[in-house]
Amino acid sequence: MEASKNQKVQIRYIVTNMDDAINFYTYQLGFKLEMHPAPAFAMLSLNNLRLVLSIPNPSAGGGQSMPDGTQQTPGGWNRFSTEVNDIHEKVETLKKAGVKFRNDIVTGVGGKQIIVEDPGNPVELFQPMIEAARF
């Protein structure tokens, strides 16, 4: 399968509080709420990224338990990155809004990054420092 520039990527995050998660992504990171048809499900978008949010739900959908009964939970270290123009400014804005971070801004080979917490999952803010690292 060959990827195109217009191809969308979908990521599913398990969350424990749908309203908090929707508010975080829409008000803090600029996502658009596409649909929220049920209390345990919402779909948001940002450019070509579609973010599907699910609350653990034993009866239906992407939040269902595994066949062995293991319940899905938020967290871990896997994450997606969203590019920002000024990481220091964005971090200050998010801190003023009460958003929590897992670390401080660090500088890597391609740019600066920090891991911000949605209500339960990590999201990386990334400011590229070289052209090859831009989205």
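The values are calculated or read from the model by the stated rules, or taken from the named source; none is laboratory data. Keep in mind it's a predicted model, so treat the numbers as computed, not measured. Because the Cβ atoms are built from the backbone with ideal geometry, glycine has one as well, and the counts that use them run over all protein chains shown. Accessible surface is based on the protein model in full, side chains and every heavy atom, while ligands, DNA and RNA are left aside. Shrake-Rupley method; radii C 1.70, N 1.55, O 1.52, S 1.80 Å.
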Original post:
Roughly what % of DSSP beta bridges within the stretch 75-135 run antiparallel, to the nearest 5?
Top reply: 75 percent
Original post:
Which percent of the accessible heavy-atom area of the chain goes to carbon and sulfur, probe 1.4 angstrom?
Top reply: 50 percent
**OP:** Using R₀ = 25 Å, calculate the FRET efficiency as 1/(1 + (r/R₀)^6) where r is the Cβ-Cβ separation of THR107 and ASN47; round to 0.05.
**Re:** 0.50
Original post:
In nm, to one decimal, how far is the ALA132 label point from the GLN10 one, both placed 7 Å along Cα→Cβ?
Top reply: 3.4 nm
Original post:
In sequence order, what are the phi-derived ³J(HN,Hα) couplings for the stretch 111-121 according to the Karplus relation 6.51 cos²θ - 1.76 cosθ + 1.60 with θ = phi - 60°, rounded to whole Hz, with x for glycine and proline?
Top reply: x, 9, 8, 8, 9, 9, 9, 6, x, x, 10
Original post:
How many percent of DSSP beta bridges within the chain run antiparallel, rounded to 5?
Top reply: 70 percent
Subject >> Under-5 Å amide H pairs with ARG50, H placed in peptide plane, nonlocal only >> reply: VAL9, GLN10, ILE11
Original post:
Rolling a 1.4 angstrom probe over the protein heavy atoms, how many square angstrom per residue are accessible across the chain?
Top reply: 61 Å²
